[in-house]
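The values are calculated or read from the model by the stated rules, or taken from the named source; none is laboratory data. Here the structure is a predicted model, which is why all the values come from computation and not from measurement. So basically every Cβ, Gly included, is an ideal-geometry build from the backbone, and we count neighbours across all protein chains shown.
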């Protein structure tokens, strides 16, 4: 088993990475929590596959489980759904000594984290990451959020888990598209981390390569994110680097109304912003093409007609990085050397 330790000012926790961990959920949860009531939150894609097994293991370990399954998709990442789950927990008599366990991908993890952070002003939280997106990125670092209308991740908290479990066996039941969209975050992280990891992603030339190397891709991605988060938990400085590709990507994702997955939109965002900064001489010549090569090798999109539309810029106004009409854009001065480039929104309009 590989363990990445996340050590923060007020909290430490482990991210455990190993094939077969889905068969040891009760044991792993019991290693950090005494038996208690837990709400086990999943979605309609993951639930039919893994909910029964996870619930049975937890009950065998002495936990009283309230299973909650929400519809798959971003529509469930809402304050309405948060309120519904909190109401179910209250009716079941949950107290501050009880806990929330997320069993799913990024959407379920975000939703569960908000629920955990709000119920009685905060109760214990564990993430079991079942998608590549969650395994390499969203389950680590404590960011939780839900969407409000057409604005992505506008209502949320920083709320760290007590444990994160990553098992590549879960990826066996993902469709190729669902797997590959998570690789968008891996490619992003490799460009941020440095040349060695970037060279490694350059050797990933197919969907099967992603599956074959999933544990190492998760370990390297998580190790980098943990290092960044430990240096800047609340995104006051270097954690902003993790938004590479996301400023444009979030706008594209929302405008696509479900036709683009998160990692697909981030892939388009990375290429778009790097092409702009390469033309300005901020990013090195050839970096855009290097990113394109990695993304296209596994079938990720690199462009969208949604970029540059009036609604695209309207969404950017609501971006959390907007500071009085100036948005902190993430650029790469070199692979492994991310920088913040403040850009007025009017200037961004002329860039694209």
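To keep it simple, each residue is scored yes or no on (1) assigned by TED's automatic domain parsing to the domain that holds residue 256; (2) exposed (fewer than 14 other Cβ atoms within 10 Å of the Cβ); (3) over 23 Å from residue 157 (Cα atoms).
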site	(1), (2), (3)
12	no, yes, no
21	no, no, yes
26	no, no, yes
34	no, yes, yes
39	no, no, no
55	no, no, yes
So which of 293, 305 ends up being in a helix (DSSP H, G or I) and either out of contact with any helix residue (DSSP H, G or I) (no Cβ under 9 Å at 6 or more places or on another chain) or closer than 28 Å to residue 156 by Cβ (or both)? 293
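Rundown of residues vs (1) in contact with a helix residue (DSSP H, G or I) (Cβ under 8 Å, 6 or more places away or on another chain); (2) over 27 Å from residue 230 (Cβ atoms), yes/no style:
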| site | (1), (2) |
| --- | --- |
| 2 | yes, no |
| 6 | yes, no |
| 19 | yes, no |
| 25 | yes, no |
| 31 | no, no |
| 42 | yes, yes |
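Results for (1) under 30 Å from residue 340 (Cα atoms); (2) in contact with a strand residue (DSSP E or B) (Cβ under 9 Å, 6 or more places away or on another chain); (3) not in a helix (DSSP H, G or I); (4) not assigned by TED's automatic domain parsing to the domain that holds residue 135, shown as yes or no for each residue.
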| site | (1), (2), (3), (4) |
| --- | --- |
| 180 | yes, no, no, yes |
| 198 | yes, no, no, yes |
| 204 | yes, no, yes, yes |
| 211 | no, no, no, yes |
| 215 | no, yes, no, yes |
| 220 | yes, no, no, yes |
| 223 | yes, yes, no, yes |
| 226 | yes, yes, no, yes |
| 235 | yes, yes, yes, yes |
Residue count, segment 26-73, condition touching a strand residue (DSSP E or B) at 6+ places or on another chain (Cβ under 7 Å) and touching a residue at least 60 places away in the same chain (Cβ under 8 Å), comes to 15
If a residue must be assigned to a helix (DSSP H, G or I) and more than 13 Å from residue 299 (Cα to Cα), how many such residues does segment 251-264 contain? 6
Among the listed residues 146, 140, 136, identify the single one that is in a loop (DSSP other than H, G, I, E, B) and farther than 18 Å from residue 65 by Cα. 140
For segment 318-336, the count of residues that are under 22 Å from the mean Cα position of the chain (by Cα) and either farther than 30 Å from residue 211 by Cα or loosely packed, with under 15 Cβ neighbours inside 10 Å (or both) equals 8
Of all residues in segment 281-311, count the ones that are touching a residue at least 24 places away in the same chain (Cβ under 8 Å) and either farther than 18 Å from residue 252 by Cα or surrounded by 20 or more Cβ atoms within 10 Å (Cβ to Cβ) (or both). 14
